[in-house]
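The values are calculated or read from the model by the stated rules, or taken from the named source; none is laboratory data. Bear in mind the structure is a predicted one, so any value in this text is a computation, not a measurement. Ideal geometry is used to build each Cβ from the backbone, glycine not excepted, and the neighbour counts take in all protein chains shown. We work out accessible area using only protein heavy atoms, side chains counted, and drop any ligands, DNA or RNA first. Shrake-Rupley method; radii C 1.70, N 1.55, O 1.52, S 1.80 Å.
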Amino acid sequence: MNDRAPRWLPGGHLQTIWPALFARRVLAAAPLYRRERWDTPDGDFVDVDFLVEVGQGDGGGNATPLTAMARRPLLVLFHGLEGSSRSHYAEAFADWCAACGIAYAVPHFRGCSGELNRGPRAYHSGDFEEVDWILQTLRARHTVHGGGPLLAVGISLGGNALMRWAGEMGAAAAGVAEAVAAVSSPLDLAAGGHAIGRGFNRQVYTRMFLHTMKPKALAKWAQHPGLFDRAALQAARDLYAFDQHFTAPLHGFRSTEDYWARASAKPHLSRIRIPALLVNALNDPFVPAASLPRRHEVSPFVTLWQPRHGGHVGFAQGRPPGHVRSMPEAVGQWLARQADWRRQ
């Protein structure tokens, strides 16, 4: 992956904001998805978007899901905080998968698909049980339809949850996925949480996230009155307070500190037993470089890519307005090499 940023796009903040808002996401047409709603074991639901291949129908004029292509890999993307299948990185990965004939699915964490989930919970950075259920379900379905390897990538929050899963599963993860990757993930949640709560980060990124997170939390309270301290949540002005009054109590954590400590993937990276790639730009405004894992802190199965530039899930390349295809292509190719799927 290119370690250089375009000269017209200097600094971690510009390399974060510009790609998300203005850079080209796709080289072809915008991805077309087919949505499925799955009932969860606890009586809730998750929505999963599958990429469909435009132009190859099923005989009735309909697009064919790429998951129907025999022996092809399935790439599963777990989105970041308040993300979705329409996030810039999700569409860029979809574009790369379509060009390579790889099946692609984006499961939405609860409440992120455009509709509030039913249960008295939401989602969080260490939700490895949810990741496990989703991956196990996709693995079974993909195998039944003659599919090949399953690969998974998590972006930011989704990457921490995915690596938390890989560490928790150990050698058993190989029975589900051939390889995993995390991009711009705050693997040390305390370091990332404190970083986003200071200075420019607090004024811009924290406000952006709370703009959608607080209304959804209040809607959850209306759905389940008394679920948490509503007044305290309304007064929250940073993610620390939001996690203290919403994320932690809804998901079995004692406090923000307890949540950040127990949900962080970094302490579990040495237990990973499948090929795993960790991509973190050293100028990521959300993830302090000093908090990133070093070689001695991860298992031999883990590859570290720590380019100097890229911002937070930015990695734009090319002339203005630039494009964000280079990161999905580099990460996707790395995952495909681990599976070596073309030889199967």
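Summary table below
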| read-out | value |
| --- | --- |
| Whole-percent carbon and sulfur share, accessible surface of the chain, 1.4 Å | 54 percent |
| Theoretical ellipticity at 222 nm over the chain - DSSP helices of four or more residues, -39500 (n - 2.57) apiece, nearest 500 | -9500 deg cm²/dmol |
| 1.4 Å probe accessible area per residue over segment 206-344, in Å² | 47 Å² |
| Cα-based Rg and Dmax for segment 288-331, where Dmax is the largest Cα-Cα distance (Å) | 13.3, 39 |
| Mean Cβ count within 10 Å, highest first, over the residues of peptides 190-197, 318-325, 151-158 | 151-158, 190-197, 318-325 |
| Compactness of the chain, expressed as Rg and Dmax over alpha-carbon positions, Å | 19.2, 58 |
| Normalised per residue, the volume of the convex hull around the Cα set of segment 126-271 (Å³) | 124 Å³ |
| Dipole magnitude of the chain about its Cα centre (Cβ charges: Lys, Arg +1; Asp, Glu -1), debye to nearest 20 | 720 debye |
| q = 0.14, 0.19, 0.22, 0.25 Å⁻¹: log10 I(q)/I(0) that the Debye formula gives for segment 67-149, counting C-alpha atoms only | -0.52, -0.90, -1.10, -1.23 |
| Antiparallel bridges, percent of DSSP beta bridges restricted to the chain (to nearest 5) | 40 percent |
| Hull volume in cubic angstrom per residue (convex hull over the Cα atoms of segment 67-110) | 64 Å³ |
| Taking the convex hull of Cα positions in segment 251-344, its mean projected area over all directions (nm²) | 8.9 nm² |
| Total charge dipole magnitude, segment 97-236, about the Cα centre, Cβ charges on Lys, Arg, Asp, Glu only, Debye to nearest 20 | 580 debye |
| Unit Cα scatterers, Debye sum, segment 247-302: log10 I(q)/I(0) for q = 0.31 Å⁻¹ | -1.14 |
| Förster radius 35 Å - calculated FRET efficiency between residue 304 and residue 209 (Cβ-Cβ, nearest 0.05) | 0.85 |
| Peptides ranked, highest mean first, by Cβ atoms within 10 Å: ranges 302-315, 284-297, 220-233 | 302-315, 284-297, 220-233 |
| Largest-first principal axis extents of the Cα set of segment 207-291 (Å) | 44, 27, 20 |
| Selected from 281, 248, 105 as most flexible by GNM, with the chain as the system and alpha-carbon contacts under 10 Å | 248 |
